[in-house]
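The values are calculated or read from the model by the stated rules, or taken from the named source; none is laboratory data. Please read these numbers as outputs of a predicted model, since none were measured by experiment. Cβ: placed from backbone, ideal geometry, glycine included. Neighbour counts: every protein chain shown. Only protein heavy atoms, including side chains, enter the accessible area calculation; ligands, DNA and RNA are left aside. Shrake-Rupley method; radii C 1.70, N 1.55, O 1.52, S 1.80 Å.
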Amino acid sequence: MVGSVRILSGRAFAKGVRSDLKDMIASCSGRPPGLAVIQVGEDPASQLYVSMKEKACRKTGIVSTMVRLEREATEEELLAVIDSLNTDPCVDGILCQLPLPDHISPARIASAIVPEKDVDGFHPINVGKLWRGEEGLFPCTPVGIVALLKEHAIVMEGERSVIVGRSNIVGKPMAALLLREHATVTLAHSRTKDLPELCRTASILIAAVGRPRFLTREFISPGATVIDVGTSQTEDGLSGDVDFDDVCGICGAITPVPGGVGPLTIAFLLSNTVKAWKSRI
Ligand code: NAP
């Protein structure tokens, strides 16, 4: 708590999720889950994310396979790697770290990973299943956010939620998942008019914009739950999309940056990998 504001720690929750996954894997005999992570090029931020995923796999009992390709690798070369991982019986999950170099189409790559190993949830079949309300593998960040809201008993059913950002990775799947929880959902983006006023209608506000401290107190309705997905490197270090200090006196609950949404993404990547593994053993 900061004053009367509840701090929704993703770090603490993710730790519990990872520990449960570890126990479950340890209790199963036979082949452990396997995750293959492909990185194209040497983007330093991607390298950091990939090594964090590798470390998290190791600690949980998931066998991780790293495939590193030169930045100059062709789309065909990457597709050939995916093809061989698709048929590898020891690989349950495949992900290709984004961003990809400009000459490679992320949509084509997402469609090449077989849906049952698509632990990022980007394959069109999984996207369709998400919107149709069927079972499938869904994007880790929004899945983690819904789990965090449930963990803190934050009511979604019937509540007004506004998501700022309409990316395929966060905003759109977030909308589909909140709809599944019976929230009333509005997706906002860079062309949305009167954004602060719209955001003030939300009892659950999700910020996935990628602009440091973009959402200030004028966007927040008193008592709202604020989920800050943003992670931008600034001169002062890592910054979220929400001006934490400015909104703290108004909102009812908020995720910090760092330590909020970030740890959830990795925990639910592991969870998706275990889900894919269980469906294949
Ligand atoms: P993205 O693909 O760049 O999408 C940004 C969205 O914000 C777009 O829909 C864009 O609208 C909207 N936007 C930009 N400027 C706006 C403005 N002035 N007013 C309203 N909307 C605006 O980003 P993303 O991949 O969704 O990621 C968003 C942020 O979350 C980034 O900081 C990213 O690093 C972070 N992230 C964190 C995690 C985590 O695990 N913590 C995971 C994923 C992403 P248009 O569509 O109209 O352009």
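Using the structure shown, list the pairs from Lys53/Lys193; Lys193/Lys275; Lys53/Lys129; Lys15/Lys129; Lys15/Lys193 with a Cα-Cα distance above 32 Å, or answer none.
Exceeds cut-off: Lys53/Lys193; Lys193/Lys275; Lys15/Lys193.
So for the pair Thr65, Glu151, with labels modelled 7 Å out along Cα→Cβ, what separation do we get in nm?
3.1
Please compute the net charge surrounding Leu78, taking Lys and Arg as +1 and Asp and Glu as -1 over other residues with Cβ under 12 Å from its Cβ.
-3
To the nearest 500 deg cm²/dmol, what mean residue ellipticity at 222 nm is calculated for the chain from DSSP H runs of n ≥ 4 alone, each contributing -39,500 (n - 2.57), summed and divided by the residues?
-12000 deg cm²/dmol
Where Lys and Arg each count +1 and Asp and Glu each count -1, what net charge lies around Ala276 among other residues with Cβ under 10 Å from its Cβ?
+1
Give a residue-ordered list of calculated ³J(HN,Hα) values for the stretch 90-102 (Karplus: 6.51 cos²θ - 1.76 cosθ + 1.60, θ = phi - 60°; whole Hz; x for Gly, Pro).
8, 9, 9, x, 10, 9, 10, 5, 9, x, 9, x, 4
What is the calculated FRET efficiency for Val114 to Ala45, with r their C-beta to C-beta distance and R₀ = 30 Å, to the nearest 0.05?
It comes out at approximately 0.65.
Calculate one ³J(HN,Hα) per residue across the stretch 110-119 by plugging θ = phi - 60° into the Karplus curve 6.51 cos²θ - 1.76 cosθ + 1.60, and present them in order as whole Hz with x for glycine and proline.
4, 6, 7, 6, 4, x, 6, 10, 7, 6
Out of residues 5 or more away from Val63 or on other chains, whose amide H comes under 5 Å of its own, with H placed 1.01 Å from N in the peptide plane?
Gly34, Leu35
Under the √(5λ) rule applied to the eigenvalues of the Cα gyration tensor, what semi-axes describe the equivalent ellipsoid of the chain? Give them in Å, descending.
The equivalent ellipsoid of the chain has semi-axes of 32, 21, 18 Å.
Please report the antiparallel percentage of the DSSP beta bridges confined to the chain, to the nearest 5.
Percentage antiparallel, nearest 5: 10.
Over the chain, with a Gaussian network built from C-alpha contacts below 10 Å, which listed residue (Pro196, Pro44, Pro142) shows the highest mean-square fluctuation?
Pro44
Taking 0.36 nm per intervening residue step and subtracting the Cα-Cα distance, what contour gain separates Asp102 from Glu135 on full extension?
8.6 nm
With a 1.4 Å probe and every protein chain left in place, tell me how much accessible area Ser29 has, in Å² to the nearest 10.
My reading of the accessible area for Ser29 is about 110 Å².
At a 10 angstrom cut-off on C-beta neighbours, averaged per residue, how do the peptides 6-19, 214-227 rank from highest to lowest?
Ranking the peptides 6-19, 214-227 by packing returns 214-227, 6-19.
Name the residue farthest towards the positive end of the dipole of the chain from the options Val261, Gln39, Ala276, assuming +1 on Cβ of Lys and Arg, -1 on Cβ of Asp and Glu, about the Cα centre.
Value computed over the given set: Ala276.
What is the set of long-range amide H partners of Arg6 at a cut-off below 5 Å, with H atoms built 1.01 Å from backbone N?
Residues meeting the criterion, in which the H sits 1.01 Å from N, are Ala253, Ile254.
Would you kindly state how much longer the chain becomes between Glu54 and Thr234 on full extension, computed as 0.36 nm times their sequence separation minus their alpha carbon distance, in nm to one decimal?
62.2 nm
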